[in-house]
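The structure appears right after this line, and notes come after that.
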Amino acid sequence: MNVLSLFDGMSCGMIALERAGISVDKYYASEIKKSAISCSNYNYPDIIHIGNVSLVKAKNLPRIDLLIGGSPCQDISHLRPGSKGVYGEKSKLFFEYLRLLRELQELYGDDIKFLLENVNGKKESVDIISSLLGVQPIKINSNLVSYQNRERLYWTNIDVKSLPKDRNINFQDFKEIREVGSYAVNKTPSRITMWGDGLNGKCPNVTYRKKINCLTRKQDRWNNSGLIAYSGFCRYLTVKECELAQNVPIGYTDCVSRNQAWDLLGDGWTVDVIAHIFSYIDI
């Protein structure tokens, strides 16, 4: 099949298609972040990058069988209560996804499969997206297939018959214990729940948990996923731990810097959730 991926990031969609056993002829990726494109090219040099989504026209592409994308979530998120939701500066890019979906449907009919991902955010915005796409979203938490709590909504016309099976994955079984000193935090946070081994007065409120909080683009937000306690000091999650949290192959982000890897992984998809959805594509 031919795939068009909007807001492609580091091409988690391609990993998911491979994992679902779906053969891809051409994968067109619309992305503008240089580090994301570099990571995508490093792992999948055959991906065809087509630039800014606002400049993409369906008529200029060959037949597309699957449209995927995760439009920006910032204005839809409950973390920005004063923003304009789906009409906000970032999240209004959803309408580019909608435009291209309608262009493809005009060209090829309703046989076009689509998948849109976004946060479980403001109800008004969720309802608008559902109404315009004509489907209700499926709510899936990545903690079923990962050690990360990451609840997301997935709008699709793929006939997904069930949620992924809970694998009961425990972060404590996967956390790194060697060569983690370079991830140490230089200041002591206050009022933070962390995951790991050891307190020694430097990491208050440590709890041993099976799941980490949702990955974010930066690992220095004390109330998010970014810290664990280990051997008497606080440290950030390693890049490898973040790759595993997103079901990304270990080493996938080796071609970019640590901060760029954190950014891409925090902004990406949990691959095995997407692969589960793709497993229901009738090909």
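Here are some notes:
- Relative to the dominant Cα principal axis of the chain, helix 123-133 is inclined by about 30°.
- Length released on extending from R217 to R258, taking residue separation times 0.36 nm less the Cα-Cα span: 13.6 nm
- E179/E18 FRET efficiency (R0 45 Å; Cβ-Cβ; nearest 0.05): 0.90
- Inter-site label distance for D282 and L98 at 7 Å from Cα along Cβ, in nm: 2.8 nm
- Think of each Lys and Arg Cβ as +1 and each Asp and Glu Cβ as -1; about the Cα centre, that makes the dipole of the chain roughly 1020 debye.
- Ascending count of other beta-carbon atoms within 10 Å, so fewest first, for I277, I68: I277, I68
- Averaged over residues, the count of other Cβ atoms within 10 Å places the peptides 19-27, 95-103 in the sequence 95-103, 19-27, highest first.
- From its DSSP helices (H runs of at least four residues, each -39,500 (n - 2.57)), the chain gives a residue-normalised ellipticity at 222 nm of -7000 deg cm²/dmol.
- Positive-pole candidate from S11, Y108, I76, dipole of the range 1-131, charges at beta carbon: I76
- Cα-only radius of gyration and Dmax that characterise the chain, units Å: 19.2, 64
- The slack between D166 and K90, meaning 0.36 nm per residue of separation minus the straight C-alpha distance, is 24.1 nm.
Where a number appears in this text, it was derived from the coordinates with a stated rule and is not lab data. Quick caveat: nothing in here was measured; it's all calculated off a predicted structure. Glycine also receives a Cβ, built like all others from the backbone with ideal geometry; neighbour counts cover every protein chain displayed.
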